[in-house]
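The values are calculated or read from the model by the stated rules, or taken from the named source; none is laboratory data. Here the structure is a predicted model, which means the values were calculated and not measured. Cβ placement follows ideal geometry from the backbone for every residue including glycine, while neighbour counts extend to all protein chains displayed. Ligands, DNA and RNA are excluded from the accessible area calculation, which covers all protein heavy atoms including side chains. Shrake-Rupley method; radii C 1.70, N 1.55, O 1.52, S 1.80 Å.
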Amino acid sequence: MEPLSWGQIGLQLLIQFIPVWIALALTFALSITYKRRLGLYGKLFDNVIGMVGFGLVMFWVYTALAVGLFDWVVTHDPLSAATGMKNKVPGTPLRGAEDGDYAYYLLGGDTLARDVFSRMVAGAWVVIRIAPLATLFAFMVGITLGLPAGYFGGRLDSALSFAANLILAFPVILLFYLLVTPEMVQTGIPSYMAIVLFLFPIIFLTVLINARYRTQPSRRNLMLAVLLFVLGWAYLSLISDPETRVAFLPERLDLFNIPGGILVVFVSVVFVNAPTVFRIVRGLTLDIKTRDYVAAAQTRGEGPWYIMLWEILPNTRGPLIVDFCLRIGYTTILLGTLGFFGLGLPPESPDWGTTINQGRKLLSIYPHPAIVPAVALLSMVLGLNLLADGLREESLKD
Amino acid sequence: MLLFLLKRVGTMILTALCLSFIVFFLTNLPPNLEKIAKYEGNSRMTDEEVTSWLENSGFNQPTLLRYGEWLGVVPGWTNERDDRITGRCISGELTAETAPSFCGVLQGYWGDSRVFREEVSTIVGVRLWMTGKLMLWVMLLMVPSALIIGVLAGMREGSKLDRTLSTVSIATTATPEYVSGVILIAVFASSAVGLKWFKGTATAAMENATFENFFLPVLTISLYGMGYIARMTRASMAEVMTAQYIRTARLKGVSFRNIVLKHALRNALIAPFTVIMLQFPWLLNGVVVVETLFNYKGLGWALVQAAGNNDVDLLLGISVVSVMVVLVTQLISDIGYVYLNPRIRIS
């Protein structure tokens with residue numbers, strides 16, 4: 001078979017992504033039709049930059065979902081090699097292709113003769129699973145600590161701010177090199193850090209509900225019981241892992257285990273991001289606590305946690321949503337950095353950082369194995385940044 | 001002002017102590033010590049041999065005590081075995097009698113690197129000089145271009161020029177060094193595209209930096225930081241342009257060029273100054289990535305080598321230096337901010 005020309009490669013790529021195009025078209029059509037009823041999300045569609053960013057982000061989200069849940073977009077197995085396809089240029093036909101095999105390596109083969117295109121789209125699934133969730137956890141930690149630090153001030157504030165500045169003064173890569181090593185997993189420190197960090201979402205939600213329904217004890221007790229049961233079980237099965245030192249839950253009750261490598265990556269990314277979120281939330285709280293509605297709530301006799309979580313927090317949502325988008329992008333960059341230095345994730349993992357790291361060794365002769373994941377990462381982070389910019393502009397218009 | 005300075009320096013020293021202790025603690029956890037023992041002795045040591053090796057090399061004391069030794073506030077360990085006295089401070093020509101009892105960072109002894117077989121202070125000195133050279137050029141390229149982009153974008157908010165430049169700066173902040181580096185090398189240095197304007201490695205630039213072998217690494221680091229500074233400058237410039245005195249100048253008939261250059265520029269550059277100084281921790285990350293990617297043997301490269309081989313003393317030395325760089329730049333940014341902006345006085 002003849003190798004594909006660049007035009008044909010482009011066409012084939014378009015065809016491969018058909019499920020994603022359909023999902024994107026539906027999303028945009030629905031959102032634009034109902035944009036007047038959708039609040040801030042709807043206003044995003046008045047802003048060209050925001051729309052472009054949203055499109056790029058959703059492209060990767062849908063790609064990741066299509067790959068991870070339905071196995072649709074990939075053309076080959078991202079982990080298995082084909083004979084004779086080592087370092088082949090984009091568009092090379094697969095040697096000895098059988099019926100049912102996809103006949104081409106659309107974006108070429110890497111040094112281990114794996115399909116670059118399949119690895120790139122499979123890498124999206126790795127990133128989409130880790131980055132938003134890690135950012136969410138960092139926000140939970142940052143909010144739970146930042147609100148009281150800003151509201152109460154005093155010693156608590158000084159101590160927490162000192163700790164936050166301490167972590168921020170560390171060069172991130174040094175921290176990763178210290179935390180994300182097999183020896184460190186062996187000592188159990190990541191598991192202990194996970195115990196502490198994953199506790200914060202539970203504390204946050206418990207205090208949130210308790211502060212709101214304190215006056216209706218029966219309703220509060222029911223809600224808290226359900227919440228603590230579900231989250232507590234998830235928490236216990238998350239931190240309990242027979243392979244690490246923290247293994248106390250009997251196997252039948254253990255819902256799921258996260259591989260040690262992924263857990264340590266997750267924990268260190270949360271750990272690096274949380275201090276910045278803390279500083280932002282603390283600054284916003286300091287600003288908002290002088291407002292009249294906070295004074296009114298204090299006069300009403302509301303408790304401090306009610307004021308923090310139901311008066312101050314909702315009013316910080318604008319800057320926090322914008323920062324959330326930016327921070328997912330930053331987390332993606334951090335994950336890539338980890339992969340680039342070969343830390344944490346297994347070496348055959350298709351995530352973008354690891355693939356760039358493997359491709360860079362032969363960069364001056366065969367650039368395509370490194371360029372493809374690099375462009376993928378760039379477009380996703382760019383999308384998040386543009387989305388954040390659009391959101392900021394639209395939220396300022398109110 | 002003096003009290004403020006003293007307070008800041010006090011916090012700085014406390015931070016440096018805490019951070020170096022954290023690094024010390026993490027690098028001296030049991031599995032890491034076992035790795036050192038197997039690296040120094042042989043890789044097939046039994047557990048007993050490892051324990052006895054660690055005991056003979058003074059690794060069996062409590063971590064806090066050993067941190068004190070490293071710092072130079074606790075006397076170095078000594079060990080008597082088979083009529084030979086070994087100790088932390090006893091090495092080379094020094095014997096048990098002539099060796100000083102304290103030898104740590106405070107005495108100027110940073111320990112020896114296990115990988116490079118050299119004194120840490122020498123390695124850090126040489127590597128720091130290399131990185132300093134890189135940083136100097138990064139600053140020379142990044143700061144002026146970021147300021148120009150920011151001022152041009154901010155002087156007419158919402159114009160077409162503003163939109164374009166803002167999007168460009170967003171794009172550069174979205175491009176981490178390992179992405180832009182890979183793309184730049186592939187386009188300008190690889191034989192596949194065939195431009196071959198620059199060299200893909202900067203190893204030669206350590207002795208003899210030329211435009212050809214040094215421009216790509218400098219550009220790679222600059223790009224990531226540039227966008228952020230440019231956006232800060234733009235925001236600051238846009239704010240200044242709405243100020244009363246600018247309107248007055250415009251009503252008086254001052255030309256736009258003179259308004260920007262003589263009235264707005266100086267006030268608009270206060271905020272970016274702090275941002276530039278606070279960029280240093282990020283630049284350090286970029287340096288590590290770029291030095292690895294371009295094989296330029298500076299401090300970042302040494303950090304990767306030390307961390308990969310668990311070279312405790314070298315790792316500690318490098319982290320203390322980089323943390324100090326970060327803290328000192330933060331201090332400079334605080335002082336400079338007060339100095340540049342006379343409206344703020346620290347009580």
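For residues that are of a type in the set (Gly, Ala, Ser) and facing chain B (nearest Cβ under 9 Å), tally how many sit in segment A:312-338. Outline the logic, then answer.
Of all residues in segment A:312-338, those of a type in the set (Gly, Ala, Ser) come to A:318, A:329, A:336.
From what's left, facing chain B (nearest Cβ under 9 Å): A:329, A:336.
Number satisfying all stated conditions: 2.
Just to be sure I understand the filter: pairs with C-beta atoms under 7 Å, separated by 6 or more residues or on different chains, first member in segment B:187-205 and within 11 Å of chain A (Cβ to nearest Cβ), second member aromatic (Phe, Trp, Tyr) and open to solvent by 70 Å² or more (accessible area, probe 1.4 Å). Which pairs pass?
From residues that are within 11 Å of chain A (Cβ to nearest Cβ), the pairs are B:188/B:197; B:192/A:366.
Report yes if some residue within segment B:329-346 is at the interface with chain A (Cβ under 9 Å from one of its Cβ atoms) and in contact with a helix residue (DSSP H, G or I) (Cβ under 6 Å, 6 or more places away or on another chain); otherwise report no. Quick ask: steps written out before the conclusion?
We begin by selecting, within segment B:329-346, every residue at the interface with chain A (Cβ under 9 Å from one of its Cβ atoms); these are B:330.
Cutting the leftovers down to in contact with a helix residue (DSSP H, G or I) (Cβ under 6 Å, 6 or more places away or on another chain) gives us none.
Looking through segment B:329-346, none of the residues is at the interface with chain A (Cβ under 9 Å from one of its Cβ atoms) and in contact with a helix residue (DSSP H, G or I) (Cβ under 6 Å, 6 or more places away or on another chain).
How about segment B:150-198: which of its residues are of a type in the set (Asp, Glu) and touching a Gly at 6+ places or on another chain (Cβ under 9 Å)? Before you say what the answer is, go through the steps one by one.
Looking only at segment B:150-198, we keep the residues that are of a type in the set (Asp, Glu), and these are B:157, B:162, B:177.
Correct list: B:162, B:177.
What number goes with the only condition from (1) away from every other protein chain (no Cβ under 14 Å); (2) farther than 29 Å from residue A:222 by Cα; (3) of a type outside the set (A, V, I, L, M, F, W, C) that residue A:142 does not pass?
For residue A:142, the exception is condition (2).
If you go through segment A:175-187 one residue at a time, do you hit one that is open to solvent by 30 Å² or more (accessible area, probe 1.4 Å) and closer than 20 Å to residue A:279 by Cβ? Step through it out loud before you land on a result.
Restricting attention to segment A:175-187, the residues satisfying the condition of being open to solvent by 30 Å² or more (accessible area, probe 1.4 Å) are A:182-183, A:185-186.
Now drop any that are not closer than 20 Å to residue A:279 by Cβ, which leaves none.
Looking through segment A:175-187, none of the residues is open to solvent by 30 Å² or more (accessible area, probe 1.4 Å) and closer than 20 Å to residue A:279 by Cβ.
Identify all residues within segment B:301-328 that are facing chain A (nearest Cβ under 10 Å) and in contact (Cβ under 8 Å) with a residue 60 or more places away in the chain; write none if there are none. Show your work before the answer.
Filtering segment B:301-328 for residues facing chain A (nearest Cβ under 10 Å) gives B:303-304, B:306-308, B:310, B:315, B:318-319, B:322-327.
Across segment B:301-328, the qualifying residues are B:306, B:310, B:315, B:318, B:319, B:323, B:324, B:327.
Of everything in segment A:355-375 that's of a type in the set (Ser, Thr, Tyr) and touching a residue at least 24 places away in the same chain (Cβ under 8 Å), which residue is farthest from the other protein chains (Cβ to nearest Cβ)? Walk me through it before giving the result.
Step one: list which residues in segment A:355-375 are of a type in the set (Ser, Thr, Tyr), which gives A:355, A:364, A:366.
Now restrict to residues that are touching a residue at least 24 places away in the same chain (Cβ under 8 Å): A:355, A:366.
Details: A:355: 11, A:366: 7 Å.
Looking at the filtered set, the residue picked out is A:355.
Identify all residues within segment B:206-230 that are part of a loop (DSSP other than H, G, I, E, B) and either exposed (fewer than 13 other Cβ atoms within 10 Å of the Cβ) or free of Cβ contacts under 8 Å to residues at least 60 places away in the same chain (or both); write none if there are none. Step through it out loud before you land on a result.
Here is the first cut: in segment B:206-230, the ones part of a loop (DSSP other than H, G, I, E, B) are B:207-210.
Residues satisfying the conditions are B:207, B:208, B:210.
Which of (1) at pLDDT below 90; (2) open to solvent by 30 Å² or more (accessible area, probe 1.4 Å) is the odd one out, the single condition residue B:145 does not satisfy?
Tallying (1) at pLDDT below 90; (2) open to solvent by 30 Å² or more (accessible area, probe 1.4 Å), residue B:145 fails exactly one: (1).
If you go through segment A:282-297 one residue at a time, do you hit one that is touching a residue at least 40 places away in the same chain (Cβ under 8 Å), surrounded by fewer than 24 Cβ atoms within 10 Å (Cβ to Cβ) and hydrophobic (A, V, I, L, M, F, W, C)?
Among the residues of segment A:282-297, at least one is touching a residue at least 40 places away in the same chain (Cβ under 8 Å), surrounded by fewer than 24 Cβ atoms within 10 Å (Cβ to Cβ) and hydrophobic (A, V, I, L, M, F, W, C), which makes the answer yes.
Which of the helices (runs of 4 or more DSSP H) found entirely inside segment B:13-71 contain at least 3 residues meeting this: within 10 Å of chain A (Cβ to nearest Cβ) and touching a helix residue (DSSP H, G or I) at 6+ places or on another chain (Cβ under 8 Å)? Before the answer, list the steps.
Numbers: elements: B:30-40, B:47-56, B:63-71.
Correct list: B:30-40.
Only one of these is without any contact (Cβ under 8 Å) to a residue 12 or more places away in the chain and away from chain A (no Cβ under 12 Å): B:253, B:298. Name it. Quick ask: steps written out before the conclusion?
Details: B:298 fails: without any contact (Cβ under 8 Å) to a residue 12 or more places away in the chain.
Just a single option satisfies the conditions, and that option is B:253.
Within segment B:142-183, track down each residue that is in contact with a Ser or Thr (Cβ under 6 Å, 6 or more places away or on another chain) and facing another protein chain (nearest Cβ under 10 Å).
Once the filter is applied, which keeps residues that are in contact with a Ser or Thr (Cβ under 6 Å, 6 or more places away or on another chain) and facing another protein chain (nearest Cβ under 10 Å), segment B:142-183 yields B:177, B:180, B:181.
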